[in-house]
1. Normalised by the residues of region A:100-207, what does the relative contact order come to in percent, with Cα pairs under 8 Å and at least six apart?
2. Restricting the count to DSSP beta bridges whose residues both fall in chain A, what percent are antiparallel, rounded to a multiple of 5?
3. Chains B and A: what accessible area do they bury, summed, in square angstrom to the nearest 100, with a 1.4 Å probe?
4. Hey, got the dipole for chain B? About the Cα centre, +1 on K and R Cβ, -1 on D and E Cβ, debye to the nearest 20?
5. So if I take the centroid of the Cα atoms in region B:31-84 and the same for region A:123-175, what is the distance between those two points in Å?
6. Based on Cβ point charges of +1 for Lys and Arg and -1 for Asp and Glu, what charge dipole magnitude is obtained for chain A about its Cα centre, in debye rounded to the nearest 20?
7. Need one number: convex hull volume per residue for the protein assembly as shown, Cα atoms only, in Å³.
8. What do you get for trypsin sites (Lys or Arg not before Pro) in region A:94-196 restricted to DSSP loop and a cutoff of at most 13 other Cβ within 10 Å of the site's Cβ?
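The values are calculated or read from the model by the stated rules, or taken from the named source; none is laboratory data. Worth saying up front: this structure is predicted, and the values here are computed from it rather than measured. Glycine gets a Cβ as well: all are built from the backbone with ideal geometry, and neighbour counts include every protein chain shown. What goes into the accessible areas is simple: the full protein's heavy atoms, side chains included, and nothing from ligands, DNA or RNA. Shrake-Rupley method; radii C 1.70, N 1.55, O 1.52, S 1.80 Å.
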Amino acid sequence: MSARGKKLELVCPAGTPAAFRAAIDAGAHTVYCGFNDETNARNFPGLNFSTEELATSVAYAHKKGAHALVAINTFPRAGAVELWHKRVDDAAKVGADAVILADIGLLDYASKKHPNLRLHLSVQAAAANADAISFYARAFGVKRVVLPRVLTVQEIAAVNRDIEIETEVFIFGGLCVMAEGRCSLSSYATGKSPNMNGACSPASHVEYREEDDELVSRLGGFAIHRVGAKEAAPYPTLCKGCFEAGEYKGHVFEDPSSLDAGALIPQLAEAGVTALKIEGRQRSRSYTEAVVRNFRKAVDDYAAGRPVVGGALRDLTEGQTTTAGSYRKTWR
Amino acid sequence: MWNAKDIPLFPAVGAAMLRFAPLTPLSMAGAHLVKTLIRRHPSLFSRLGEQADKVFLIDPTDLPFAFRLQPHLEAPTLEAVRREDAGLWDARIGGPLAALLGLVHGVYDGDALFFSRDLVIEGDTEAVLALRNAIDNEEIDLASEIAALFGPFEHVAATPARKVSSAVGHFFGVALTRENENHA
Ligand code: SF4
């Protein structure tokens, strides 16, 4: 069946209440955000929501006919699970439309304690095949899965044929190249786990210094990039670090480039995707406004049968270059 | 859609003239501004948390001086200093004046300015992120903040402040008033 004319849901990031309002006003169908603690995977200084701020933001979304999702998508630490339980309770109390969870124990808690609360499976759970996804749907009543950024469009179509729940895929923003929820690179350098403490390359362990016309980034004391005066600077993540290995000097894991799959919106719709997700809760409301407005136009154009034009947002991206990521794997 | 490469620089002639300008009046205005800001935006502090005790060097690289900011709740200060007299700081945020104003006003994205190298950060990254995120959430309208400096005469000062901000914004190519925003 052709997907032409299909209305795709645009799921947009918000790191602050101001960015949340900016996203809604720019045309987000749905906004996702997190609490200001280690229960979400963007636990950065000065970012995120208190329970009161979340309540006001959810009310704002509902008043504007939009939805609000709450990411509680880190893995509870042994002996500290109460904080994660409380955050699920808080999200339910303020009327969130769904919670985005990754941990099996937390999914179990939420499905039993709040049977009417809609559950989405976070990308952090790394559920990348139909069997795994169907297990989460059967066991906990999960209604939507956010697919890991390791699948091609053809693989997404294959997954969608074999599952009965909705799929959401990343369309724009920073790339995390490992199967999500399983990367420990940052833990080795800093002693803090992105998957439990909620921040890859936590700012407390990042240092930038201008040395002889070069910008040097260090993570946990290890130099991971040196970029010249005119070169674009990347995030201080180890996966995009520049290293020497034997004769080779360069990006060992991945180039610092961002995902922009805007041009693939028709193919993703044909592959049965329900929702498109924009990454970037750590970004400003200026970024949120620009990216949401751009992609809302793109999904409206697609729904109206107009051509979809992408690629206008390169200046906002890491490395100032973009890629279609795994959606178009040419190396296989 | 703004383009990081379009950020204008403060005119070199103006910067040369400012090289010899006395900094005390600027420091007095800065102290007043930061106290007013903190009174009008108390939630800045809940976002800054313990980072409010840090010393920030705000460094407009196209001007011949910088600002030492201590957003401390009890005794906030914003002092204009020559770079050689900047003393010790925890974190430095450097870039063209237009970029720094645009960040405060929320028209630029801090990460994009960092990627394009228009913004340089050094020292305590945690403090920089907390400050940037706290300011971004406040939806600061520079014209309103300037008008608020006039206390009981705020309503009288509002229109001229908006006109001045508009002219300065036009000069820099950055919108410094938020007349078109409405979250009602
Ligand atoms: S190091 Fe890279 S791949 Fe690993 S969690 Fe961080 S961003 Fe993701």
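1. Relative contact order comes out at 21 percent.
2. Bridges in chain A that DSSP calls antiparallel: roughly 35 percent.
3. Working: alone 10450 and 15000 Å², together 22210 Å².
Result for this pair: about 3200 Å² buried.
4. With only Lys, Arg, Asp and Glu charged at Cβ, the dipole is about 500 debye.
5. If you average the Cα positions of each part, the centres end up 46 Å apart.
6. With Lys and Arg at +1 and Asp and Glu at -1, about 940 debye.
7. 163
8. Values: sites: A:112, A:113, A:118, A:138, A:143, A:144, A:149, A:161, A:182, A:192; in loops: A:118, A:143, A:149, A:182, A:192.
Listed in order of number, the matching sites are A:182.
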